[in-house]
1. By accessible area of protein heavy atoms, probe 1.4 Å, what ranking do R28, R105 get, highest first?
2. Could you provide, to the nearest whole Å², the per residue accessible area of region 15-147 with probe 1.4 Å?
3. Which percent of the accessible area of region 21-147 is formed by carbon and sulfur heavy atoms (probe 1.4 angstrom)?
4. Listed here are the pairs K45/K99; K50/K99; K53/K89; which of them are more than 21 Å apart at the Cα?
5. Using only alpha carbon positions, build the gyration tensor of region 29-138, then give the equivalent ellipsoid semi-axes as the square roots of 5 times its eigenvalues, largest first, whole angstrom.
6. Under 5 Å between amide H atoms, partner at least 5 residues away or on a different chain: which partners does R28 have, H built in plane at 1.01 Å?
7. Relative to the Cα centre, what is the charge dipole magnitude of region 15-147, using +1 at the beta carbon of each Lys and Arg, -1 at the beta carbon of each Asp and Glu, and rounding to the nearest 20 debye?
8. Taking amide H atoms as placed 1.01 Å from N in the peptide plane, list the residues 5 or more away in sequence, or in a different chain, whose amide H sits under 5 Å from that of A118.
Amino acid sequence: MSLRSFDVSKQPLGTASSRFFTVKNQHRSPRIKHVSWGRLEVEGKAEPYKDAKLFPGGSREWNWRESGTEHSPGIQPADVQELLDHSAKIVVLSRGMKKCLHVPRETLDFLKEREIAAHVLPTTEAVQLYNQLAETEPVGGLFHTTC
């Protein structure tokens, strides 16, 4: 897989809030404008993220220390809970550009128990799917832009 940049859009929308960045339509998930190694540009946010949580109505930095996430065992149920709290009905989980971030069975079971469809992909592919779903669905995503 190539680690090239992926340019999605050039039209930023939205305004900043105290905890996270919002888009104009609070029921719509923000689009990802560009992804490359260590950089994720999201509509509604002037500065890029390194790792980000996106959900219907906005986005914010994904700080792994909040839930104890590490490459292994990987994305924790607590990481995805915030996406559900913001009404995501589908979740896209990125594994990083080189697929080093794991997704444990516990996290997938957590989503399955709540009847939330989950897609686990390398970051560039995750961005493409997320943007496609965001056109019509209340989607949330966790995006890791390095390893």
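1. R105, R28
2. 46
3. About 47 percent, which is the carbon plus sulfur part of the accessible surface.
4. K45/K99
5. 19, 17, 13
6. HN-HN under 5 Å from R28: G57.
7. 300
8. V91
The values are calculated or read from the model by the stated rules, or taken from the named source; none is laboratory data. For clarity, every value in this text was computed on a predicted model and none was experimentally measured. Cβ atoms come from the backbone with ideal geometry, glycine included; neighbour counts cover every protein chain shown. The protein model used for the area step is the full one, side chains on, heavy atoms only, and it has no ligands, DNA or RNA in it. Shrake-Rupley method; radii C 1.70, N 1.55, O 1.52, S 1.80 Å.
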